[in-house]
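Here is the structure we will look at.
The values are calculated or read from the model by the stated rules, or taken from the named source; none is laboratory data. Because the structure is a prediction, the values reported are computed rather than measured. Virtual Cβ from ideal backbone geometry, glycine too; neighbours counted across all protein chains shown.
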Amino acid sequence: MKKAAMIPGAMAVAVLMFAMTMTPTHAQREIIHEERSQYRDVVVTEFNGQRCMLFNVHRGDMNQTCMDLRDPKRLVFNYTKMSFAGLLLNPEPRRILVAGLGGGTIPMAMRDLFPEATIDVLEVDQAVMNVAEEFFGFREDDAMTAHIVDARVFIKRAGLRGEQYDYIVLDAFSGEYIPEHLLSKEFLEEVRAILTPDGVVVANTFSSSRLYDYESVTYQAVFGEFYNFKLPGSGNRLILATREGLPPPGELRSPARELYDALEPYGVNLLEYPPRLTTRPDWDTSTRILTDQYSPANLLN
Amino acid sequence: MPAASTSSQSLSVASAAPIEHTPYTRLVILCVAFLNGFAIMSIELLGGRVLAPYFGSSVHVWGSIITVFMLSLSLGYLWGGRLSLRRPGPRVYASFFVLAAVLCLPIIFLADAVMTTIFVAVEDPRYGSLLTAMLLYFLPICVMGMVSPYSVRLLVSSKEHSGGVAGMLYFVSTLGSALGTLGTSFYFVLWFDINTVMWGCVAALLLCACAVMLTCRSPAPESDAGAMAATSEVSP
């Protein structure tokens, strides 16, 4: 009697276990790697011909970075493509600084486009670096170095050493927690101090929250007028700022034409960018500026 | 075991509480212990923001801050407990709060100078943040740690009640810490500058000192002799 009763029970358990392996997340995307991190675990998934890096999979976070496996050169995300709009203001960068590695797509593309340039990449999390190298083809070389360091610390030190960059990408904001010390007026002043007179800062910012207003007025306070860059159908907003004032929009068309061919393989249509750049504020200009003393970014998001 | 025997000795000699007890004084001591716990965690949370511009907000910066706070509190408990063996009274107690308030001022006025110096001298942000946290926070938090055991001594009037009194004291001061953490991280940083909140902590500590001086009185001078005897044995 007892044995007979156990068989259906065991079968039910087996069915249940089978059902658990078939939950939608597993059916949709395959997890090919999990990297333990000091901060939050980094997960690599593959789905539909794309390999992606994710943080906090359990809460269903967005992809941090993705690579098209059939065409690894082609950039997947809009904001990544948009970050190349900085080339309209400085078409030939020689010293490039990228804060935030992700899968290394931006620095790798920059390396291809400008083989002569020196590139420094800043990433706070060693685990992200490991995953970028192992799964996204990121490689350091003689002139491209990845530094495992907080961006604020590196930039402050670069300023003390008197180093300067002519192309700075700020893309260190990812995942759940916003590094508030990378949004303040003081930080942006340190960034401005390591910018060459003809250099450009490209910042990927928060576009869909109250932070939009705060970030806008803070950039305005440090850089003065800047180019606000949005594309229809994309939730991103990029800020393009310079040290010595902006070139008029009309002057952006010729670099767009010149660089179009070089950028086309990356999926970047540079020609559609110049008309989308505007200096007109579409934020509340009476918003309080973020400072080291006042930067409640995580509460404003 | 000299310390343990001494403390029981001093308890038995000065069997009465070192202050005149009224429900009012008990309430004041519990309130200042609450505010003290509140201020400790408020300052700790702000510490992360004070250090971030120089050392980042990486996990090791928080590690440095929490380490220094725990170390300061542990030694504060030890030394506060020892101080309570020698002539415990409201004056010394109030002076803890004044001293803590004064020692918080360098966090407001000298933090940038200290961090600039350390930033240049120490390459590794782990040790830079540890050293900074030590220089800025060790002394004030240590003194604030001394409040807890001293409060227990002022409240205890008999051995039988000592456990209950200590429990009540831990309860209010840790509750204060919980609310200090919550208030600072959820609201204060949204409403105020870091230094404004620091000034609030300084003001709260000074208020504690005033409240103690106004309400707590030493009773008879007879407990002095016993306390003096205890002191000579305790000093290392």
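Applying the condition of being aliphatic (A, V, I, L, M) and in contact with a helix residue (DSSP H, G or I) (Cβ under 7 Å, 6 or more places away or on another chain) to region A:141-159 and asking which residue is farthest from the other protein chains (Cβ to nearest Cβ) yields A:M144. Counting only helices (runs of 4 or more DSSP H) that sit completely within region A:71-157, those holding 2 or more residues that are more than 14 Å from the chain's Cα centre (by Cα) and either small (G, A, S) or surrounded by fewer than 24 Cβ atoms within 10 Å (Cβ to Cβ) (or both) correspond to A:105-113, A:126-135. Do we have A:D282 as in contact (Cβ under 8 Å) with a residue 40 or more places away in the chain, within 14 Å of chain B (Cβ to nearest Cβ), assigned to a loop (DSSP other than H, G, I, E, B) and acidic (D, E) here? No; evaluated as a whole, the condition is false for this residue.
A quick yes/no check of all residues on (1) in contact with a strand residue (DSSP E or B) (Cβ under 8 Å, 6 or more places away or on another chain); (2) in contact (Cβ under 8 Å) with a residue 12 or more places away in the chain; (3) crowded, with 23+ Cβ neighbours inside 10 Å:
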{"residue": "A:G159", "(1), (2), (3)": "no, yes, no"}
{"residue": "A:F173", "(1), (2), (3)": "yes, yes, no"}
{"residue": "A:H181", "(1), (2), (3)": "no, yes, yes"}
{"residue": "A:E186", "(1), (2), (3)": "no, yes, no"}
{"residue": "A:A193", "(1), (2), (3)": "no, yes, no"}
{"residue": "A:Y212", "(1), (2), (3)": "yes, yes, no"}
{"residue": "A:Y227", "(1), (2), (3)": "yes, yes, yes"}
{"residue": "A:L231", "(1), (2), (3)": "no, yes, no"}
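If we scan region B:193-205, do we find a residue that is at pLDDT below 80, away from chain A (no Cβ under 14 Å), over 21 Å from B:E20 (Cα atoms) and surrounded by fewer than 20 Cβ atoms within 10 Å (Cβ to Cβ)? I'd like the intermediate steps shown before the answer.
Taking region B:193-205 as the starting set, the residues that turn out to be at pLDDT below 80 are none.
No, there is no match, as no residue in region B:193-205 is at pLDDT below 80, away from chain A (no Cβ under 14 Å), over 21 Å from B:E20 (Cα atoms) and surrounded by fewer than 20 Cβ atoms within 10 Å (Cβ to Cβ).
Taken over region B:20-60, the criterion of being within 14 Å of another protein chain (Cβ to nearest Cβ) and either under 22 Å from the mean Cα position of the chain (by Cα) or acidic (D, E) (or both) is satisfied by B:L45, B:L46, B:G47, B:G48, B:R49, B:V50, B:L51.
Looking at region B:83-103, can you tell me whether even one residue there is touching a residue at least 24 places away in the same chain (Cβ under 8 Å), small (G, A, S), touching a helix residue (DSSP H, G or I) at 6+ places or on another chain (Cβ under 6 Å) and within 14 Å of another protein chain (Cβ to nearest Cβ)? Scanning region B:83-103, I find no residue that is touching a residue at least 24 places away in the same chain (Cβ under 8 Å), small (G, A, S), touching a helix residue (DSSP H, G or I) at 6+ places or on another chain (Cβ under 6 Å) and within 14 Å of another protein chain (Cβ to nearest Cβ), so the answer is no. All conditions but one from (1) exposed (fewer than 15 other Cβ atoms within 10 Å of the Cβ); (2) in contact (Cβ under 8 Å) with a residue 24 or more places away in the chain; (3) under 30 Å from A:Q38 (Cβ atoms) apply to B:L190; the one that does not is (2). Mind checking which residues of region B:50-82 are farther than 17 Å from B:L130 by Cβ and not hydrophobic (A, V, I, L, M, F, W, C)? B:G76, B:Y77, B:G80, B:G81, B:R82 - these are the residues of region B:50-82 that are farther than 17 Å from B:L130 by Cβ and not hydrophobic (A, V, I, L, M, F, W, C). Would you say A:Y219 is among the hydroxyl-bearing types (S, T, Y) and in contact with a Phe, Trp or Tyr (Cβ under 7 Å, 6 or more places away or on another chain)? Spelling it out, A:Y219 is indeed among the hydroxyl-bearing types (S, T, Y) and in contact with a Phe, Trp or Tyr (Cβ under 7 Å, 6 or more places away or on another chain).
Identify, from the list A:F138, A:F223, the residue that is away from every other protein chain (no Cβ under 14 Å), in contact with a helix residue (DSSP H, G or I) (Cβ under 8 Å, 6 or more places away or on another chain) and within 30 Å of A:P275 (Cβ to Cβ). Show your work before the answer.
Details: A:F138 fails: within 30 Å of A:P275 (Cβ to Cβ).
Of the residues listed, the single one that is away from every other protein chain (no Cβ under 14 Å), in contact with a helix residue (DSSP H, G or I) (Cβ under 8 Å, 6 or more places away or on another chain) and within 30 Å of A:P275 (Cβ to Cβ) is A:F223.
Look at A:S216 and say whether it is in contact (Cβ under 8 Å) with a residue 24 or more places away in the chain, surrounded by fewer than 21 Cβ atoms within 10 Å (Cβ to Cβ) and within 19 Å of the chain's Cα centre (by Cα). So A:S216 does not fit the description; no.
Quick one: is A:S184 more than 21 Å from A:P91 (Cβ to Cβ), over 15 Å from the mean Cα position of the chain (by Cα) and within 13 Å of another protein chain (Cβ to nearest Cβ)?
The answer is yes for A:S184.
Quick one: is B:L131 buried (at least 23 other Cβ atoms within 10 Å of the Cβ) and either within 28 Å of A:R152 (Cα to Cα) or within 14 Å of another protein chain (Cβ to nearest Cβ) (or both)? I'd like the intermediate steps shown before the answer.
On the way: buried (at least 23 other Cβ atoms within 10 Å of the Cβ): no; either within 28 Å of A:R152 (Cα to Cα) or within 14 Å of another protein chain (Cβ to nearest Cβ) (or both): yes.
So B:L131 does not fit the description; no.
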